[in-house]
1. Counting just the residues of region 34-59 that are surrounded by fewer than 14 Cβ atoms within 10 Å (Cβ to Cβ) and among the acidic types (Asp, Glu), which one comes out farthest from PRO91 (Cα to Cα)?
2. Filtering region 60-91 down to residues that are surrounded by fewer than 13 Cβ atoms within 10 Å (Cβ to Cβ) and at pLDDT 95 or above, which residue is nearest to ARG7 (Cα to Cα)?
3. Does any residue in region 40-58 that is over 15 Å from SER71 (Cβ atoms) come within less than 6 Å, Cβ to Cβ, of a residue that is basic (Lys, Arg) and modelled with pLDDT of 95 or more six or more places away or on a different chain, and which pairs are these?
4. If we keep just the residues of region 1-33 that are acidic (Asp, Glu) and more than 14 Å from the chain's Cα centre (by Cα), which is surrounded by the fewest Cβ atoms within 10 Å (Cβ to Cβ)?
5. Specify which of the listed residues (LEU21, LEU32) is more than 16 Å from MET1 (Cα to Cα), part of a helix (DSSP H, G or I) and either modelled with pLDDT under 95 or touching a strand residue (DSSP E or B) at 6+ places or on another chain (Cβ under 9 Å) (or both).
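The values are calculated or read from the model by the stated rules, or taken from the named source; none is laboratory data. No experiment lies behind these values; they were computed from the predicted model shown. Note: ideal-geometry Cβ built from the backbone for every residue, glycine included; neighbour counts use all protein chains shown.
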Amino acid sequence: MLTSKERAKLRTLANPLDTILQVGKGGISDTLIKQVDDALRARELIKMRVLETAPAFAREIAHELAEQTGSEVVQVIGTRFVLYRRNPKEPKIVL
């Protein structure tokens, strides 16, 4: 579990990141979970977007994806959210 200080640092690091994945009308699928898992393994910190056609709100989708991928929700603002998962073998972000 992240401390508020670590979460603040991750929010700062996430600001310049581009959105790399989107959740649309299909919602959370096995393919999306695999893509999120791969992205977290490669980057540790990712920004995602929920389209208007998605079956749920961004906060619900973010928490569901975090649970499915073993990551943590760093921030949810509007239709965008940030996930973080530390890579124990090759950490890229030092908290």
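1. GLU52
2. ILE77
3. From residues that are over 15 Å from SER71 (Cβ atoms), the pairs are ARG49/ARG80; THR53/LYS25.
4. ASP30
5. Of LEU21, LEU32, the one residue that is more than 16 Å from MET1 (Cα to Cα), part of a helix (DSSP H, G or I) and either modelled with pLDDT under 95 or touching a strand residue (DSSP E or B) at 6+ places or on another chain (Cβ under 9 Å) (or both) is LEU32.
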